[in-house]
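One structure is given below, encoded as structure tokens.
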């Protein structure tokens, strides 16, 4: 059967997802067209294709323990010079993202792996492009804000063409979406 490269992430919903993907492409990030806008819970990980059913069962369990929570992005940050990345900051929901990614990589599950860097939830808007374009991304998106109610996460597979495609979406077990923060008047998006 061979191996597949998978990732687990929280989607940034529309209209923000497409807009940020277009901006990322506009900054010169050639890979952007194949990467849906997201917050990573499990970075690209190679597994045996035959392990996909076990991964699916594990992610169903993780989702069952989760509850909808408010997510908010505000402002830019960078991992430079350590890593050539400019990102949007997760200013609300970061703690829940950190908890979820630990559950996804739990030692008793099929997705155990070490991370190259400490986990830091973010939305990449520029990666591996020239410094001038990185600076432009940092400046032009510094005032960007988005918020929504996160109701789950998804499993993606990277194709041979480099494009990430969703295999399955996992909805959290809790039925209640928490009320939005005082920032709801800035055009927050309804839950999907």
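The values are calculated or read from the model by the stated rules, or taken from the named source; none is laboratory data. Model, not experiment: these values are computed from the prediction. Methodologically, a virtual Cβ is constructed for each residue, glycine included, from the backbone with ideal geometry; neighbour enumeration extends over all protein chains shown.
Examine the range 23-38 for a residue that is modelled with pLDDT of 95 or more, buried (at least 20 other Cβ atoms within 10 Å of the Cβ) and assigned to a helix (DSSP H, G or I), and state whether such a residue exists.
Yes: one or more hits.
So which of 93, 77, 109 ends up being touching a residue at least 40 places away in the same chain (Cβ under 8 Å) and at positive phi?
After ruling out the rest, the residue left standing is 93.
What are the residues in the range 133-188 that are under 17 Å from residue 16 (Cα atoms), modelled with pLDDT under 50 and either under 15 Å from the mean Cα position of the chain (by Cα) or buried (at least 16 other Cβ atoms within 10 Å of the Cβ) (or both), if any?
Once the filter is applied, which keeps residues that are under 17 Å from residue 16 (Cα atoms), modelled with pLDDT under 50 and either under 15 Å from the mean Cα position of the chain (by Cα) or buried (at least 16 other Cβ atoms within 10 Å of the Cβ) (or both), the range 133-188 yields only 188.
In the range 1-22, how many are farther than 16 Å from residue 161 by Cβ and surrounded by 14 or more Cβ atoms within 10 Å (Cβ to Cβ)? Break it down stepwise before answering.
Just the residues of the range 1-22 that are farther than 16 Å from residue 161 by Cβ, to begin with: 1-3, 8-22.
Applying the additional criterion that residues be surrounded by 14 or more Cβ atoms within 10 Å (Cβ to Cβ) yields 8-13, 16-17, 19-21.
Summing the residues that are farther than 16 Å from residue 161 by Cβ and surrounded by 14 or more Cβ atoms within 10 Å (Cβ to Cβ) in the range 1-22 gives 11.
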